[in-house]
Each structure stands twice: as C-alpha cells, then as structure tokens.
1. Taking A145 and the conditions (1) modelled with pLDDT of 90 or more; (2) out of contact with any strand residue (DSSP E or B) (no Cβ under 7 Å at 6 or more places or on another chain), which numbered condition does it fall short on, given that it satisfies the others?
2. If you scan the stretch 199-223, which residues turn out to be over 11 Å from I138 (Cβ atoms), in a strand (DSSP E or B), open to solvent by less than 50 Å² (accessible area, probe 1.4 Å) and not β-branched (V, I, T)?
3. When you scan the stretch 53-99, how many residues do you find that are of a type in the set (S, T, Y) and at pLDDT 90 or above?
4. Condition first: open to solvent by 10 Å² or more (accessible area, probe 1.4 Å), in a helix (DSSP H, G or I) and not charged (D, E, K, R). Now tell me which residues in the stretch 90-109 satisfy that.
5. Filter the stretch 110-146 down to the residues that are over 19 Å from A215 (Cα atoms) and either open to solvent by 10 Å² or more (accessible area, probe 1.4 Å) or among the hydroxyl-bearing types (S, T, Y) (or both) and list them by number.
Amino acid sequence: MEELVASSREGAARWLAIHDELLRGLTHALSNRVATISAVAQMIGLTNQSDERSPHMLRVEADQLEHLLHLLRLLPRYDRGEAEPIMASDAARSAIELHTFHPTLRDIACELIVSDDLAPAWADPSALQHAIVVALTIAKRSAGALGATQVHISSTPDIVRVDVVRTMTNAVVESVDIGAENVFDINAAHWLVETCRGRAFAIEDGCRIEITTLASERASRQR
C-alpha cells in the first residue's frame, strides 16, 4: 500500500482536534469525580458524622482523581521531547487507557497483543503515545459500534512495529482502504513520530507505526 506523506500543518491540526476530544472526555470524568466528593462532603456536613462508607468512598474518589490527573499529564505534546530507551508496550497501554475517555469511541474494545521477544525502542515516549492514540481513533472509527480493535506490537533487529487495526467481530465488512478514509489522521500519526525518525502509514484495516530499536540506535552511533 502506498505510504502517505505527512504535512506538518495538517498533522498538527488533526492532532489538536483529537487532543481536544480527549481533553473534553477527561474533564467530564473529572467533573463526575468532583461531584461525588462534594456529595459525600455535604452528607458528612449535614449529619456531623460520617457513616462507615464515607471514608472509603472519599479514598476511592481521591485515587480516581489522582489517576485522572496522571492521564491529563500525558496529553500535552512537548516540542523538545527527546528520544530515550522505552518499551513500546508501555506507551501502548497508556494510549489505550487514554483513549477510553474519547467522547464517542470509548466503548469500542481494544486488545493489546505483544510479541514475547519485543525489543526495546528508541523514541520520544510522549510522541509515540500520541501517535498510537491517533491510530486508535482511526481503527475505532473504522470498526464502528459492531467492531473492536487490536494493537499488535512486534520487532525486528532494527524496527519496532505497532499495528493498530480494526477487528470486525459481529459483522462482515469488505476490505477498504483505511488510508483513503483517514488521510489526515495518518498524517498526524506520522508527524508525531517523525521527529524521532519514526514513521506512520496506512495498512489494511488500520495504521502502522514504526520506530527505531535501541540496538539499532546504538549501532548507528558506533559507525
């Protein structure tokens, strides 16, 4: 399949659109948590004492707020983000969890499949997470309500490959050119990882992201 060449302007614009969708979903979740804490606090104030459930409820809500804050910290893109040794599977797990707050696509399931012999990668963790988020948007939108998605991560000596694809579980759908439908999103994923010598392009039923392995980066420095 022919690769798509990213436009920096188009890629940045599309990432910002997806970023804002996720931000809207996260702020909605935060609002729900704050409302629950306020209700418990009001209950304690009205009765001047807490029942056995109140301290537990407050602890649970506090933990959830802390977790939402962690996810919010994953959203900003840092222009000067530097490549470092990472496991692509860690970036994928964060991206998958972040995408569960997408306002319209959060209920579409995603399965992570990681090769047993996965090699460490050399990439900007934030850029890779965001690129996988974009790829998940492509795959989930293409899968629709009757489908699901998978993230397959594998590696060769030189490349770590992240395939994000739709899987039609309850419907038979003709193969379509995913890239033709999602050219701007493909551009966005490519734009995010190209700064650390990665690339993203359309494959059948989804998007592929390729980044350099740590071993390949070390070998290139010794030449």
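1. If we test A145 against (1) modelled with pLDDT of 90 or more; (2) out of contact with any strand residue (DSSP E or B) (no Cβ under 7 Å at 6 or more places or on another chain), just (1) comes out false.
2. Result: F201, E210.
3. Looking only at that region, the number is 2.
4. Across the stretch 90-109, the qualifying residues are S94, I96.
5. C110, E111, L112, I113, S126, Q129, T137, R141, S142, G144, A145, L146 - these are the residues of the stretch 110-146 that are over 19 Å from A215 (Cα atoms) and either open to solvent by 10 Å² or more (accessible area, probe 1.4 Å) or among the hydroxyl-bearing types (S, T, Y) (or both).
Per-residue answers, yes or no, for (1) over 13 Å from the mean Cα position of the chain (by Cα); (2) of a type in the set (A, V, I, L, M, F, W, C):
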| residue | (1), (2) |
| --- | --- |
| A88 | no, yes |
| A92 | no, yes |
| T100 | no, no |
| R106 | no, no |
| C110 | no, yes |
| I113 | yes, yes |
| P125 | no, no |
| Q129 | no, no |
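The values are calculated or read from the model by the stated rules, or taken from the named source; none is laboratory data. The shown structure was predicted, so the numbers you read here are calculated from the model rather than taken from an experiment. Note: ideal-geometry Cβ built from the backbone for every residue, glycine included; neighbour counts use all protein chains shown. Surface accessibility is based on the protein's heavy atoms, side chains included, excluding ligands, DNA and RNA. Shrake-Rupley method; radii C 1.70, N 1.55, O 1.52, S 1.80 Å.
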